[in-house]
Each structure stands twice: as C-alpha cells, then as structure tokens.
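Structure, as structure tokens:
Derivation of every value follows stated rules applied to the coordinates shown; laboratory data play no part. Just so it is clear, the model here is predicted, and its values are computed rather than measured. Here the Cβ is made from the backbone with ideal geometry for all residues, glycine too, and neighbour counts use every protein chain on show.
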Amino acid sequence: MSNIRVLIAEDHRTVREGLEMILKAQPDIEVVGEAGDGQAAVELAKALNPDIVIMDVSMPQLNGLKATRKLQRSLPNVKVLTLTRHKDDGYLQQLLRAGVSGYVLKQSSSTELLHAIRVIAGGGQYVDSALTHRIVGSFVEKSGARSAAPQREPSERESEVLRLIAWGHSNKEIATRLDLSVKTVEVHKANGMRKLGMKSRIDIVQYAILRGWLDEA
C-alpha cells in the first residue's frame with residue numbers, strides 16, 4: 001500500500017517541526033509539505049494534492065475554518081484533520097459543518113494523532129477521545145428533549161447509510177458502494193434522520209460516536 005501523504009499547516013515553527021518529526025518516524029506516513037498560514041495551506045494543497053491536511057485552527061492570512069471551507073470546494077477528496085487546543089463544542093460543530101474529517105487536541109498524545117490520521121486515511125472520521133463523552137452527552141440531552149415525539153428505530157439500510165455518512169462518505173460514494181441511486185440514498189438518509197429526530201450532519205456524527213460507529217471505520 002502507498003504511504004499516507006500529509007501536508008502540515010501550522011503557524012508555529014516549533015510545533016510544525018515537532019509534528020514533522022513524529023510523522024516522519026512512521027513507515028506508512030509521508031510529509032509532502034508544510035505551510036505557516038491558511039492561505040499557503042490551500043495553495044500548497046492544490047499543488048501537492050495530499051491525502052490529508054493537518055490544519056491548525058488559529059493561523060494568519062486565513063484561519064483553519066476558512067481554509068477548510070476553501071479546500072472542500074476546490075479539493076473535496078483531500079481530508080482535513082483539525083489540530084487545536086480548543087475544547088469548546090462550538091469550534092467542533094463549526095468545523096464539522098465545514099467538512100473536516102477529524103478533530104484532535106494539541107494536548108493529546110502523539111498516539112491519538114497518529115490513530116486519527118490512519119482512521120481518516122481509511123475513509124473514516126475521528127473525534128478526539130477527550131471530547132467524545134461531551135458529544136455523546138450533548139446528543140443524549142437533545143434526544144431526551146425530543147423524546148416526547150414518537151420515534152422508530154431506523155431500518156437496517158437507513159442505519160447503513162447513516163453510518164457511511166458519519167464515516168465521511170458523500171451521497172454519491174454511498175450510492176456506488178451500496179449499488180443504489182443517489183436519490184434512494186437521500187431518501188434513506190432523510191427517513192433515518194427523521195426517525196431519530198436528527199436535524200443535521202452533526203447529529204449523525206454524535207449518534208455515530210454514541211453507537212461506536214467511528215471506531216469501526
């Protein structure tokens with residue numbers, strides 16, 4: 001198998017060099033470039049087409065959120081792994097909406113970061129283990145608030161579609177994988193979300209964490 005090609009976007013040189021040392025020590029990961037600001041990260045990603053961009057949130061020129069949005073529009077196949085000190089759920093939700101595939105805290109171990117990279121490279125999504133209990137708690141709390149409305153369990157096919165969405169696959173990719181039309185995938189997604197009282201992709205990711213789906217990716 002080919003190596004996982006990674007671009008590092010981090011404005012602090014010391015942190016950037018530390019990340020590079022960690023990644024270069026891995027036999028299955030190749031660092032293809034480095035950027036010190038968000039705009040440079042977008043331009044380098046277009047030139048190098050890495051598998052994953054490790055993206056700091058707070059950077060000059062263009063912050064990580066805006067850079068992620070630009071990358072998702074121009075390079076939808078490039079995965080973004082956010083690296084930040086922020087534990088605030090607001091940051092996580094904004095970045096999930098922007099299309100990031102992973103969210104890892106800088107204060108976490110290098111093992112956590114490497115695991116996240118490999119999960120994302122395999123087509124999954126990853127949220128730092130230090131945050132999963134908060135996300136699950138938030139989902140359970142919201143689910144409790146919605147429990148007055150009668151709900152049914154999603155069908156096996158609906159659950160399969162929601163699981164693949166949580167792993168980061170597009171409707172078109174899911175349709176190809178399950179040998180369905182895109183329209184049918186959209187119907188299964190809508191029905192599954194309705195049965196579970198979901199309103200957004202963030203709800204799907206939270207539910208996936210609760211069910212342990214992200215660990216299966």
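Please list, by residue number, every one of the trypsin sites (Lys or Arg not before Pro) in segment 1-91 that is coil in DSSP and has at most 10 other beta-carbon atoms within 10 Å.
For trypsin sites (Lys or Arg not before Pro) across segment 1-91 that sit outside H, G, I, E and B with at most 10 neighbouring Cβ atoms in 10 Å, the list is empty.
Would you list, by chain and number, the lysines whose Cα falls below 21 Å from the Cα of Lys66, excluding same-chain residues fewer than 8 positions away?
Partners within reach: Lys46, Lys79, Lys87, Lys106.
Efficiency by 1/(1 + (r/R0)^6): what FRET value for Leu178 and Arg97, r their Cβ-Cβ distance, R0 = 30 Å, to the nearest 0.05?
So, using R0 = 30 Å, E works out to roughly 0.75.
Within straight cross-link reach of Lys195, meaning Cα distance under 15 Å, which aspartates and glutamates are found once same-chain residues fewer than 8 apart are removed?
Straight-line reach from Lys195, under 15 Å: Glu153, Glu156, Glu158, Glu160, Glu186, Asp203.
Subtract the Cα-Cα distance of Lys46 and Ser2 from 0.36 nm times their separation in residues, and report this length gain in nm to one decimal.
13.8 nm
Going by amide H atoms built from the backbone, whose H comes under 5 Å of the H on Ser58, apart from near neighbours?
Gly64
Let me know the Kirkwood hydrodynamic radius for segment 4-129, please, with Cα pairs as the basis and the value in Å to one decimal.
Details: mean 1/r = 0.0718 Å⁻¹.
When all Cα pairs of segment 4-129 are included, the Kirkwood radius is 13.9 Å.
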